[in-house]
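The values are calculated or read from the model by the stated rules, or taken from the named source; none is laboratory data. What you are looking at is a predicted structure, and each value in this text was computed from that prediction instead of being measured. No Cβ is skipped: glycine too gets one built from the backbone with ideal geometry, and neighbour counts run over all protein chains shown. Surface areas here come from the heavy atoms of the whole protein model, side chains and all, with no ligands, DNA or RNA. Shrake-Rupley method; radii C 1.70, N 1.55, O 1.52, S 1.80 Å.
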Amino acid sequence: MKTILVNGLSREQRIAVLDGKELIGIKLLSAEKESLVGNIYAGRIEKIVPGMDAAFVYFGQERNGFIRKEDLPAYQRANNPAIPINQLATQGEKLLVQVKKDGKEHKGASLSGGVEIASPELVYMPEQHYISLSKKFTPEERKEWKETAEMRCRDNEGMLIRTDMKKRDERFFVELLDRSRAVYRNLQASLKGAKPGALLYSENRLLKMVRELMKQGEGGDLYIDSFPLYEELKGSA
């Protein structure tokens with residue numbers, strides 16, 4: 001039987017996996033090497049480049065991020081591919097931005113203004129106008145969840161229903177959707193008073209890693225030294 005040991009209180013977080021008494025895997029999460037992907041910041045448009053249909057955005061890092069016209073919420077709302085970027089954004093404008101891809105030594109991070117609120121069962125996309133489902137659903141499940149999503153979806157909302165929703169019911173889906181909407185409303189409210197560059201939302205990478213390990217195998221023991229992490233895991237079980 002497998003055992004997962006989680007050390008979430010130290011600066012360098014650790015996960016160890018044992019099979020009986022044998023150590024079969026260990027994962028380390030270092031704060032210095034942490035990816036920014038998924039983080040949401042209060043961004044400020046520093047420069048618009050019409051020839052590239054893109055803009056450079058300050059989001060608290062040493063190098064400005066890069067956002068394409070197609071990744072601006074105003075573009076999604078306009079629904080007009082021909083509209084130029086300088087009609088969708090202005091220099092100095094503050095907006096929510098989410099990191100899509102980490103920057104490199106000589107290149108800033110790739111950003112999106114269409115933020116996503118992700119959970120194991122659902123990715124909520126408040127500005128993206130479409131519904132998508134995991135390919136692992138059966139045709140019957142796809143039909144049922146597609147109808148449920150269309151019935152619950154509001155104007156301008158989009159979502160991706162993940163495979164883990166197979167284990168859930170409509171009541172769970174509605175509660176999770178409402179929580180995701182609340183997170184987005186809070187982000188919009190926080191943006192108003194936040195300074196450009198402020199981190200407004202960060203995905204818990206340790207939590208995500210533990211969830212993935214819990215999906216593997218047919219059971220076992222889990223030991224965690226962080227009560228908040230335990231509460232989050234219990235809430236998503």
Inset, instruction - Restricting attention to strands (runs of 3 or more DSSP E) lying wholly within the stretch 141-237, give those where 2 or more residues are in contact with a Ser or Thr (Cβ under 7 Å, 6 or more places away or on another chain). - result: 158-161, 220-224
Inset, instruction - Restricting attention to the stretch 169-221, report how many residues are closer than 19 Å to residue 124 by Cβ, open to solvent by less than 50 Å² (accessible area, probe 1.4 Å) and in contact with a strand residue (DSSP E or B) (Cβ under 8 Å, 6 or more places away or on another chain). - result: 10
Legend entry - Filter result for residue 76 (in contact (Cβ under 8 Å) with a residue 12 or more places away in the chain, assigned to a strand (DSSP E or B), open to solvent by 10 Å² or more (accessible area, probe 1.4 Å) and in contact with an Asp or Glu (Cβ under 7 Å, 6 or more places away or on another chain)): no
Legend entry - Number of the condition not met by residue 15 [criteria: (1) farther than 22 Å from residue 204 by Cβ; (2) β-branched (Val, Ile, Thr); (3) assigned to a strand (DSSP E or B)]: (1)
Inset, instruction - Kindly check whether there is at least one residue in the stretch 116-128 that is farther than 23 Å from residue 189 by Cβ, open to solvent by less than 30 Å² (accessible area, probe 1.4 Å) and modelled with pLDDT under 95. - result: yes
Inset, instruction - Mind listing whichever residues of the stretch 129-140 are of a type outside the set (D, E, K, R) and either part of a loop (DSSP other than H, G, I, E, B) or surrounded by 20 or more Cβ atoms within 10 Å (Cβ to Cβ) (or both)? - result: 129, 130, 134, 137, 138
Legend entry - Given (1) without any contact (Cβ under 8 Å) to a residue 40 or more places away in the chain; (2) open to solvent by less than 70 Å² (accessible area, probe 1.4 Å); (3) under 25 Å from residue 204 (Cβ atoms); (4) in a strand (DSSP E or B), index of the condition residue 10 fails: (4)
Legend entry - Subset of the stretch 217-231 [within 15 Å of residue 10 (Cα to Cα), at pLDDT 80 or above and among the aliphatic types (A, V, I, L, M)]: 224
Legend entry - Qualifying positions in the stretch 18-60 - within 30 Å of residue 85 (Cα to Cα), open to solvent by less than 40 Å² (accessible area, probe 1.4 Å) and not in a strand (DSSP E or B): 35, 38, 39, 59, 60
Inset, instruction - State which residue pairs qualify: first residue under 15 Å from residue 119 (Cβ atoms) and of a type in the set (A, V, I, L, M, F, W, C) and inside the stretch 178-207, second residue open to solvent by 60 Å² or more (accessible area, probe 1.4 Å) and modelled with pLDDT under 95 in any location, beta carbons under 8 Å apart, and separation of 6 or more residues or different chains. - result: 207/232
Inset, instruction - Would you tally the residues in the stretch 157-168 being surrounded by fewer than 17 Cβ atoms within 10 Å (Cβ to Cβ) and either more than 18 Å from residue 136 (Cβ to Cβ) or hydroxyl-bearing (Ser, Thr, Tyr) (or both)? - result: 1
Legend entry - Condition check for residue 67: touching a residue at least 12 places away in the same chain (Cβ under 8 Å) and either under 19 Å from residue 196 (Cβ atoms) or not in a strand (DSSP E or B) (or both): yes
Inset, instruction - Within the stretch 90-101, identify whether any single residue is over 24 Å from residue 50 (Cα atoms), open to solvent by less than 90 Å² (accessible area, probe 1.4 Å) and outside any strand (DSSP E or B), and answer yes or no. - result: no
